[in-house]
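Peer 1: Here it is, the structure, as structure tokens.
The values are calculated or read from the model by the stated rules, or taken from the named source; none is laboratory data. Since this is a predicted model, take the numbers as computed values, not measurements. Note that each Cβ is placed from the backbone with ideal geometry, even for glycine, and that neighbours are counted across all protein chains shown.
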């Protein structure tokens with residue numbers, strides 16, 4: 001059972017993202033705010049922190065490619081960014097304490113990094129015409145706020161599930 005829980009959780013999170021995208025954009029006064037759920041990406045960071053590096057990379061490639069196929073027009077962008085940023089998370093986690101708060105903050109920083117990269121790429125190939133200020137105010141900040149709520153609600157659960165898997169794997173080796 002524990003062996004299949006991680007792929008099941010990633011798959012459920014992948015299918016939850018478009019459901020939460022239905023709440024976006026939000027109009028507040030005259031402003032339009034776009035919330036981009038990054039549930040799979042957050043879980044990948046938790047896998048990179050508490051699980052195996054290989055798992056984070058494999059899930060990053062698979063679900064990045066699925067994200068590219070289902071949600072955007074450019075095949076390969078997220079299939080490359082998800083595993084690369086997962087590797088960055090592994091590298092950073094080696095340098096800092098593997099505490100749930102630091103992993104959550106790292107996930108939010110890497111979401112901002114992912115958003116900057118995707119905006120930069122879209123600007124580079126002229127897929128977007130919004131200015132950086134509009135991007136930061138209308139998409140980046142609301143995305144960080146929405147995903148921080150997700151991390152606060154589910155980070156502890158992700159931590160416990162992944163630690164249980166690691167403990168079980170260690171017990172099986174002995």
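Peer 1: If I ask for residues that are buried (at least 16 other Cβ atoms within 10 Å of the Cβ) and more than 18 Å from residue 64 (Cβ to Cβ), which ones from the stretch 96-127 would you list?
Peer 2: Of everything in the stretch 96-127, those that are buried (at least 16 other Cβ atoms within 10 Å of the Cβ) and more than 18 Å from residue 64 (Cβ to Cβ) turn out to be 100, 103, 104, 106, 108.
Peer 1: Taking the condition of being closer than 20 Å to residue 77 by Cα, free of Cβ contacts under 8 Å to residues at least 40 places away in the same chain and in contact with a helix residue (DSSP H, G or I) (Cβ under 7 Å, 6 or more places away or on another chain), how many residues in the stretch 89-144 meet it?
Peer 2: 7
Peer 1: So, one more: Quick one: would you say residue 158 is closer than 30 Å to residue 26 by Cα, touching a helix residue (DSSP H, G or I) at 6+ places or on another chain (Cβ under 9 Å), part of a helix (DSSP H, G or I) and modelled with pLDDT of 90 or more?
Peer 2: Against the criterion (closer than 30 Å to residue 26 by Cα, touching a helix residue (DSSP H, G or I) at 6+ places or on another chain (Cβ under 9 Å), part of a helix (DSSP H, G or I) and modelled with pLDDT of 90 or more), residue 158 does not qualify.
Peer 1: Another question, then. Condition (residue is touching a helix residue (DSSP H, G or I) at 6+ places or on another chain (Cβ under 9 Å), in contact (Cβ under 8 Å) with a residue 12 or more places away in the chain and in a loop (DSSP other than H, G, I, E, B)) applied to the stretch 8-20: is it met by at least one residue?
Peer 2: No, the stretch 8-20 has no match at all.
Peer 1: Same structure again: Within the stretch 125-142, is even one residue over 21 Å from residue 33 (Cα atoms), within 19 Å of the chain's Cα centre (by Cα) and modelled with pLDDT under 90?
Peer 2: no
Peer 1: So, in the stretch 21-51, of the ones that are outside any loop (DSSP other than H, G, I, E, B) and touching a strand residue (DSSP E or B) at 6+ places or on another chain (Cβ under 6 Å), which residue ends up surrounded by the most Cβ atoms within 10 Å (Cβ to Cβ)?
Peer 2: Filtering first and then ranking leaves 33.
Peer 1: Output the qualifying pairs, or none if there are none: Cβ atoms under 8 angstrom, residues six or more apart or on different chains, first residue in the stretch 41-62 and under 20 Å from residue 100 (Cβ atoms), second residue outside any helix (DSSP H, G or I).
Peer 2: From residues that are under 20 Å from residue 100 (Cβ atoms), the pairs are 49/98; 50/98.
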